Amino acid sequence: MTIARVDPGEVGSLRVAPSILSANFTTLGADIATVESAVSWLHVDVMDGHFVPNLTIGPPVVQALRATTSLYLDCHLMMTNPGDYLEAFRDAGADGCTVHVEVGGTNALIEQMRALGLRVGLAINPDGAFSDVEPYLDRIDLLLCMTVFPGFGGQSFLPAGLEIARQARAAALANGWELDIEVDGGVDATTVVACTEAGANVFVAGSAVFNRPDPAEAATAIAESARVARARIEV
């Protein structure tokens, strides 16, 4: 039985999105169950072996996930030709898809995702520039700022990737755009503080969640660190 898509929640609210890249694929359903009490999003890393030097999963795994969880499926497509697969991911149960600005054809991809009823995400690598994504911020739902170079889990956090998040949040506030800003790579209960201070509100965490003895507790700790950091900013 396929479980229907769920509401992504209020734009701008703090949330942790555990990445299944760090889960045990032989017990994937059980691993996801360990975090369901603590999170509302699940991050699905899709790598094609071309855009990034790794190969992971495709629509069949998303379909299997959709049949077992009601979590919002946040699918990050690290692919050279995401447009060829967006409909398949939508049909498999993806709630939102994020494509990389580096692959080009961004306007057409945004229109395609919108037409398919997907929540629209745009990603940028840590060596990119704010000007690469600025023209699209008023037409997307989520900006993903990478804090590692995509391809493999467990990498060290690159704080330089936060500058784009900082500029994007300032632009969103100045223009009244509703925009989730997500960070991905090396995020844990410590680095999430700088991410929050830069304006991010969605935090992808892989090894910092699934490689801990209690994944739900680890996700909650990251969320609490973000909450404290935001409260300090808002004082």
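Every number in this text was worked out from the coordinates using simple rules, so none of it is lab data. Just so you know, these numbers come straight off a predicted model, no measurement behind them. No Cβ is skipped: glycine too gets one built from the backbone with ideal geometry, and neighbour counts run over all protein chains shown.
Okay, here's what the table says:
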read-out: Among 184-190, 96-102, the order from most to least packed when residues are scored by Cβ within 10 Å on average; value: 96-102, 184-190
read-out: Selection from Val133, Val99, Asn201, by position along the positive dipole direction of the chain (Cβ); value: Asn201
read-out: Distance between the range 44-69 and the range 160-235 - C-alpha centres, whole angstrom; value: 23 Å
read-out: Computed helical MRE - 222 nm, the chain, DSSP H runs ≥ 4 contributing -39500 (n - 2.57), nearest 500; value: -9500 deg cm²/dmol
read-out: Residue-by-residue Karplus 3J(HN,Hα) for the range 175-190, coefficients 6.51, -1.76, 1.60, Hz, glycine and proline x; value: 9, x, 7, 7, 9, 7, 10, 10, 10, 8, x, x, 7, 8, 5, 8
read-out: Whole-Hz ³J(HN,Hα) from phi, Karplus 6.51 cos²θ - 1.76 cosθ + 1.60, for the range 106-120, glycine and proline x; value: 5, 4, 5, 5, 4, 4, 5, 4, 4, 5, 7, x, 8, 6, 9
read-out: Cα-centre dipole for the range 1-113 with unit charges at Cβ (Lys and Arg positive, Asp and Glu negative), debye to 20; value: 180 debye
read-out: Extension gain from Leu116 to Arg227, taking 0.36 nm per residue of separation minus the Cα-Cα distance; value: 36.6 nm
read-out: Only Lys, Arg (+1) and Asp, Glu (-1) charged, at Cβ; the chain dipole about Cα centre in debye; value: 240 debye
read-out: Distribution of pairwise C-alpha distances over the chain, 5 Å bins, in %; value: 1, 7, 16, 20, 22, 18, 11, 4, 1, 0
